[in-house]
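Reviewing the structure listed below.
Read the figures in this text as sums done on the coordinates, not as results from a lab. Because the structure is predicted, anything quoted here is derived from the model rather than measured. With ideal geometry, Cβ positions are generated from the backbone for all residues, glycine too; neighbour counts draw on all protein chains shown.
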Amino acid sequence: MNKNDQILMTEEFVRQNLKGYDSGHDWWHIKRVRKLALFINEKEVLADPFTVEITALLHDTADSKFTGENSEKDYLLVSDFMDKFGMSDIRDQVLNVIKNVSFSNKNKSDDHDPLLWVIQDADRLDAIGAIGIARAFNYGGFRNNKIYNPEIVNSDESGKVTCQTETSSTISHFYEKLLLLKYRMNTLTAKRLAAERHEFLEVFLKQFYKEWEFGTDASISG
């Protein structure tokens, strides 16, 4: 089986395994991450392009947000799939990235894996900017989270108002994750792409608070 056939088989495998995911983690997310990963790798020349593409396609297959306690079972499914279609030589590389790509695994990641750097950057870029905002609120709705809870607030080191708990609202998620991603990119290419997307997050939050607090102060001009 040639590499093009392996890619096509992986696409079909991924499509089948994304059922039940929200639309922020659907096939279109996978396609965006693949495109970003290939672009970053082309600029940085860090890993084998074929391995990058396969890993990008599979990176969310065992996402614990959706699989819960079944993650280990899904890792085995990925492993068996790769063995069956002649990708045993890159299987361990791919599985290592899948297990460590998540933001929640930031303290467990292998900091010396260039393949992980590329996939992690691509996945994180898709979590910020306009697409990232859309995905955040889509997932918040999927989990029936509040949009914003102004009664649970705190301030970060810069004095910005933030929410304290991960489950309090989608707006809190900006401070717990999205606004941090710009500073946690691995590659120079991703850092450049993240700058514009991060700025859009800040513009959105400024407008969000302006509209939320409408009429509560004297700063509104006609």
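Could you work out how much longer the chain between F103 and S23 gets when fully extended? Use 0.36 nm per residue separation minus the Cα distance between them, nm to one decimal. Numbers along the way, then the final one.
Values: separation 80, 0.36 × 80 = 28.80 nm, distance 1.90 nm.
So the chain would gain 26.9 nm between F103 and S23.
Given the Cα-Cα distance of E72 and N96 and 0.36 nm per residue of separation, how much length would full extension add, in nm? Don't skip to the answer; put the middle values down first.
On the way: separation 24, 0.36 × 24 = 8.64 nm, distance 1.26 nm.
Taking 0.36 nm per residue and subtracting the Cα distance, the gain is 7.4 nm.
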(request) Tell me the label-point distance for the pair N2, K191, using the 7 Å Cα-to-Cβ offset, in nm and rounded to one decimal. (result) 4.0 nm
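Output the direction-averaged projected area (hull surface divided by four) of the convex hull of the alpha-carbon atoms of region 1-104, in nm².
Values: hull surface 25.5 nm².
Quarter of the Cα hull surface area: 6.4 nm².
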(message) Under the 0.36 nm per residue contour assumption, what length would be gained going from the current alpha-carbon distance of Q16 and D80 to full extension?
(response) 21.5 nm
(request) Rank these for me by crowding, I119, I90, going from fewest to most other beta carbons within 10 Å. (result) I90, I119
(request) Could you order peptides 120-133, 24-37, 189-202 by the average number of other Cβ atoms within 10 Å of their residues, highest first? (result) 120-133, 24-37, 189-202
